[in-house]
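Student: Once you've had a glance at the structure underneath, I'll fire off some questions.
Quick note: the coordinates plus some simple rules give every number you see, no bench work behind them. It should be emphasised that the depicted structure is a prediction, and the values quoted were computed from it without experimental measurement. Counting neighbours? That spans all protein chains shown, and the Cβs are built from the backbone with ideal geometry, glycine included.
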Amino acid sequence: MKPYPTDLSPFPTRVRLMLYAKGIDGESVTPHGFHGDTTPKCEYEEINPMGRVPTLVLEDGTSLPESEVICEYLEDAYPNPALHPSDPADKARRALAEITTALGYLEEFIGEAEKISGSHCLGSYRRPAH
């Protein structure tokens, strides 16, 4: 099993934490083309056509993209120690926390893109302030 993370993204960090908590060791490969690296991503896109990190390559060559997918795989393939709740209501709360966290990152990213471009990607939509 070989993870392809970068150091500056929260999503690969999530996978690294899961691997650490499960006690899974393995060679990690930092792909080219991220965070200021101007090397083309072509080689990495053969592993993950979406071109995003992280990706986990399994022993049989299967590539799993996206941190949520990778973490679900790791929890199922390596059930001990269990890191996800077994209670259905707690599972639902965990899923909701993951979704709202991802939406928060997306909204922050779009906000930065709007500052740079001067346009409003979200139009009139904004999540209500709490």
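Student: How much length is gained if the chain between Asn80 and Ala97 is pulled fully straight, taking 0.36 nm per residue apart and subtracting their Cα-Cα distance, in nm to one decimal?
Tutor: Full extension from Asn80 to Ala97 adds 3.9 nm.
Student: Which residue, Ser86, Ile99, Cys42, has the largest displacement toward the positive end of the dipole of the chain when charges sit on each Cβ (Lys, Arg +1; Asp, Glu -1)?
Tutor: Towards the positive end, the residue furthest out is Ile99.
Student: Let me spell out the model: positive unit charges on the Cβ of Lys and Arg, negative unit charges on the Cβ of Asp and Glu, origin at the Cα centre of the chain. What dipole size does that give, in debye rounded to 20?
Tutor: 500 debye
Student: Could you sort the peptides 57-63, 105-111, 1-7 by per-residue average Cβ neighbour count (10 Å cutoff), highest mean leading?
Tutor: The most tightly packed comes first, giving 1-7, 105-111, 57-63.
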